[in-house]
Amino acid sequence: MKHPVSTEISDGILSVTIDNPPVNALSAAVRAGLMAAREQAVAARQVRAVVLAAAGRTFVAGADIREFNAPPSPPLLPELVAAIEETGKPWVALLHGTVLGGGLELALGCHARLARPGTALGLPEVRLGLIPGAGGTVRLPRLIGALPALEMITGGRPVNAEQAQETGLIDAITTGDPMAEARARALALAGAAPPKGLIARAAPEIDDAGVWDKALARVAAKARGQIAPVEAAAAVADALRLPAGAALAAERQRFMALKDSPQSAALRHVFFAERAAGKMPELADVRPRPLQRIGIVGGGTMGAGIAAACLMAGLPVTMVERDGALARRGAKNLRTLLDGSLGRGVIDRSAHDRALAGFAAGDDLTALAPSDLVIEAIVEDMEEKAALLSRLEAVVGPDTVLASNTSYLDIDQMSDGLADPGRVIGLHFFSPAHVMKLLELVITARARDDVVATGRALGRLLGKIVVPARVGHGFIGNRIMSAYRRACEAMLQDGALPAEIDAAMRDYGYAMGMFEMQDMAGLDIAWAMRRAQAAGSAGQETPERYVDIADRLCEAGRFGRKSGAGWYRYDDGHAVPDPEVSAIITASSARAGITRRRIGAEEIMERCLGAMIEAGRAVLAEGIARSAADIDVVMVNGFGFPRWRGGPFHAAGISDG
Ligand code: 3HC
């Protein structure tokens, strides 16, 4: 096998190239190769300087996460970085792609850093429940200052090359031949005196203790039960007050402890599960159809969100609504979403304007004729959706894929009346569709492989985490969500109050509890659906224990935040427990003949998770989801399950076969 690190000496420069696809992770073999290169640089008298670069799509994207389940084998990364720093000859890192984690730490051990345009640099270890473990918390503040380093290390978000140049993280962005520029820089540094590494610099002073303390407090408040960001902040604080050697040792100790923590194991599980989710071996040889123009029927929240997602990914969209006024409303909804993305810095002005230029809205279905894929996002009603699919089939070409964004309905039944039901799939987006990463790709019973592959290709183009699902009421996520919603409502009837359940879920790590979330989303749509089910048109069996509390709230006009009251009352936008709701709940308990009792936070979460696992097992048994890991991915990315707990199955200690 080819060695992942190669070297070449020419004109006084040792070129070191890492070639370890796909992302040049720092495996044991790479570390050994780099250590050998360092020895070569020391020993070869003709070598005056070193240029370190990587082949392929990126510089080093981090330590090799796959090695984290076993004890590390030498040479260890911190030793390697220190050895490079102390070579006695300058190293210049030539960066491109995503320079992350141990990759950035390696670059920080070099004496200068050049980046090609478009490079992203970051220390994302906290996202894996870790902190930088190879000197990042000690060297980065010495290079860019305490506060910017604290933000990068505790937030985990990468910066772009321009931002990196502004803070001094890199010395320059290359403008011409990157290798020639790196070599010139290396020779310029090769003077009489050996170059000094960052570790030799004094730690930065904190200019304003008040600002610093506030920044630390913000990290703690945002962590919501996660250990890594708090540990990361403590490591940076160590780096400012301890001698460098002691700070490095303390960092390593924290890193090793976190590496073995359940939180990091959970986050690593989700990392790999997300990447496994979109892998569909059965499609390996199937070519997706071209995707150049997307049609969307419906301009409400979902339709506009899906349109925004497509447009932001560079795909032109035609939106069709029932009449001109609704089309104008759809266009307005879309514009609001794009403006919001611009305001949040997700897209820049030119991308915003390009997106708008690629958009058309109207009330004529025939405008969808040239579409490669049409997504229906109209009301959740079987008859209307089935009729729409038939009308679409008459309008579009024979190769156009038709997709339903239904959240619950049976798409096989929906496509029964079509001449070619094999062209239909489900693309179940989550609201807001231009923000949420999850996409359930619903593979209908008759869907052809190239149709499924095209749906998956669209998901990937939009940057979504695509999880395949089969047809079944609520597919994966909503089916499980309905089950734990029912469990929560049963607990209300048994003795808990909404605020107690919400607090238990927040303490567990949810950003929001079940009832706060329902108030935010609105209670009326689910109510309408329950009534439709009761009328027998939505095709779902009635649960064994029906709790009527949500119905009573809706009958009282309490539809959630939008009506000023739901599970809570809203005073100045703040959720306040409402005695009226308590009265409705207690009355429901009495009607059901239940003597109310106190239900503690532990029992609340046990019942909640129990309901998720039970429903999840059913979803697996029925073949709707492929794996427990896929279910974890869905619950983490679509339903607010705390990522650092790894999803319900991981949290329950259940893994796939
Ligand atoms: N170790 C091992 N494998 C890795 C890896 C890593 N650090 N990063 C990515 N991979 C693998 C993925 O599992 C995937 O494998 P697969 O093809 O078998 O599924 C493959 O590389 C490609 O990854 P993506 O599908 O994610 O490719 P993208 O192009 O979408 O993204 C990326 C590339 C931005 C580099 C993304 O993979 C990523 O964010 N990786 C993790 C980066 C990271 O967290 N680095 C820090 C690691 S911890 C560390 O360095 C500790 C140190 O401080 C001591």
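Points to keep in mind about this one:
- Restricted to segment 610-637, and to residues there that are among the β-branched types (Val, Ile, Thr) and touching a strand residue (DSSP E or B) at 6+ places or on another chain (Cβ under 7 Å), the residue that is farthest from residue 650 (Cα to Cα) is 624.
- Test result for residue 1, of a type in the set (A, V, I, L, M, F, W, C), modelled with pLDDT under 95 and surrounded by fewer than 21 Cβ atoms within 10 Å (Cβ to Cβ): yes
- Scope segment 413-459; condition hydroxyl-bearing (Ser, Thr, Tyr) and either under 15 Å from residue 372 (Cα atoms) or assigned to a strand (DSSP E or B) (or both); matching residues: 454
- Exclusive hit being surrounded by 19 or more Cβ atoms within 10 Å (Cβ to Cβ), more than 8 Å from the ligand (Cβ to nearest atom) and at pLDDT 95 or above, set 51, 42: 51
- As a summary of the residue check, residue 291 satisfies the conditions (1) over 17 Å from residue 461 (Cβ atoms); (2) open to solvent by 10 Å² or more (accessible area, probe 1.4 Å) except for the one numbered (1).
- Filtering segment 57-111 to residues that are among the charged types (D, E, K, R), buried (at least 17 other Cβ atoms within 10 Å of the Cβ) and near the ligand (Cβ under 9 Å from one of its atoms) leaves 64, 105.
- Per-region count, segment 134-178, residues within 13 Å of the ligand (Cβ to nearest atom), open to solvent by less than 10 Å² (accessible area, probe 1.4 Å) and not polar (S, T, N, Q): 8
- Segment 237-332 holds helices (runs of 4 or more DSSP H) entirely within its bounds, and those carrying 1 or more residues that are within 14 Å of the ligand (Cβ to nearest atom) and under 24 Å from the mean Cα position of the chain (by Cα) map to 244-259, 262-277.
- Residue 225, sole failed condition from (1) open to solvent by less than 30 Å² (accessible area, probe 1.4 Å); (2) in contact with a Gly (Cβ under 9 Å, 6 or more places away or on another chain); (3) of a type in the set (Gly, Ala, Ser): (1)
- Meeting the requirement of 1 or more residues that are more than 18 Å from residue 8 (Cβ to Cβ), the strands (runs of 3 or more DSSP E) wholly within segment 39-112 are 91-95, 98-100.
- Inter-residue pairs, beta-carbon under 9 Å, first in contact (Cβ under 8 Å) with a residue 60 or more places away in the chain and outside any helix (DSSP H, G or I) and in segment 603-626, second aliphatic (A, V, I, L, M) and open to solvent by 40 Å² or more (accessible area, probe 1.4 Å), 6+ apart: 626/620
- Those helices (runs of 4 or more DSSP H) of segment 466-573 in which 2 or more residues are touching a His at 6+ places or on another chain (Cβ under 9 Å) and at negative phi occupy 477-494.
The values are calculated or read from the model by the stated rules, or taken from the named source; none is laboratory data. These figures come from a predicted structure and were not determined experimentally. When we count neighbours, we look across all protein chains shown, and the Cβ atoms used for this are built from the backbone with ideal geometry, even at glycine. Areas reflect the complete protein model, heavy atoms only, side chains present, ligands, DNA and RNA absent. Shrake-Rupley method; radii C 1.70, N 1.55, O 1.52, S 1.80 Å.
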